[in-house]
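Peer 1: Encoded as C-alpha cells, here's the structure I'll be asking about.
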Amino acid sequence: MVEQESRLASVVERNIHALLQRRRRVEAQQPLQQRIADTITRFTGSMSFVYIHLFLFTAWIMMNLPGVPLPKFDPTFVILAMFASSRRSFCRLLC
C-alpha cells in the first residue's frame with residue numbers, strides 16, 4: 001500500500017513538473033504585447049493594486065476635506081467624481 005502511494009506521488013510530481021515546463025515554454029513563445037498584457041492583468045488583480053488605490057483615494061479625500069490645513073486641489077470633489085466616472089466608462093469598454 002505504501003509503495004503504491006509512493007509511486008502515485010512520484011507520478012503526480014512528474015506530471016506537475018511537465019505541466020510547469022510546458023507552461024513556461026508557452027509563455028516564452030507569446031508575443032511581447034501579450035506578455036505585457038499578462039503582467040498588467042496580474043498586477044491589477046492583486047491586493048497591492050487595491051491597497052494603492054485605497055491609499056490614494058483616502059489621501060485625496062482627506063486632503064480636500066474642509067478644515068484640513070492643506071492646499072485644496074479638489075475642494076468640491078468634482079475632479080474625483082470625473083476620474084471615477086471615466087474609469088468606470090473605460091472599464092465598460094474593456095470588460
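The values are calculated or read from the model by the stated rules, or taken from the named source; none is laboratory data. Here the structure is a predicted model, which is why all the values come from computation and not from measurement. Positions of Cβ are generated from backbone atoms using ideal geometry, with glycine treated the same way; all protein chains shown enter the neighbour counts.
Peer 1: Kindly establish whether Phe55 is assigned to a helix (DSSP H, G or I), on the phi < 0 side of the Ramachandran plot and at pLDDT below 90. Break it down into steps so the answer makes sense when it comes.
Peer 2: Numbers: assigned to a helix (DSSP H, G or I): yes; on the phi < 0 side of the Ramachandran plot: yes; at pLDDT below 90: no.
So Phe55 fails the test.
Peer 1: Considering only the stretch 18-30, state which residues are surrounded by 10 or more Cβ atoms within 10 Å (Cβ to Cβ) and assigned to a helix (DSSP H, G or I).
Peer 2: Ala18, Leu19, Leu20, Gln21, Arg22, Arg23, Arg24, Glu27
Peer 1: A follow-up question, please. Given the conditions (1) part of a helix (DSSP H, G or I); (2) modelled with pLDDT of 90 or more; (3) surrounded by 10 or more Cβ atoms within 10 Å (Cβ to Cβ); (4) not β-branched (Val, Ile, Thr), which single one is not true for Gln33?
Peer 2: Going through (1) part of a helix (DSSP H, G or I); (2) modelled with pLDDT of 90 or more; (3) surrounded by 10 or more Cβ atoms within 10 Å (Cβ to Cβ); (4) not β-branched (Val, Ile, Thr) one by one, Gln33 breaks only (3).
Residue-wise test of (1) within 24 Å of the chain's Cα centre (by Cα); (2) exposed (fewer than 11 other Cβ atoms within 10 Å of the Cβ); (3) part of a helix (DSSP H, G or I).
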{"position": "Leu8", "(1), (2), (3)": "no, yes, yes"}
{"position": "Val12", "(1), (2), (3)": "no, yes, yes"}
{"position": "Tyr51", "(1), (2), (3)": "yes, yes, yes"}
{"position": "Ile61", "(1), (2), (3)": "yes, no, yes"}
{"position": "Gly67", "(1), (2), (3)": "no, yes, no"}
{"position": "Lys72", "(1), (2), (3)": "no, no, no"}
{"position": "Leu80", "(1), (2), (3)": "yes, no, yes"}
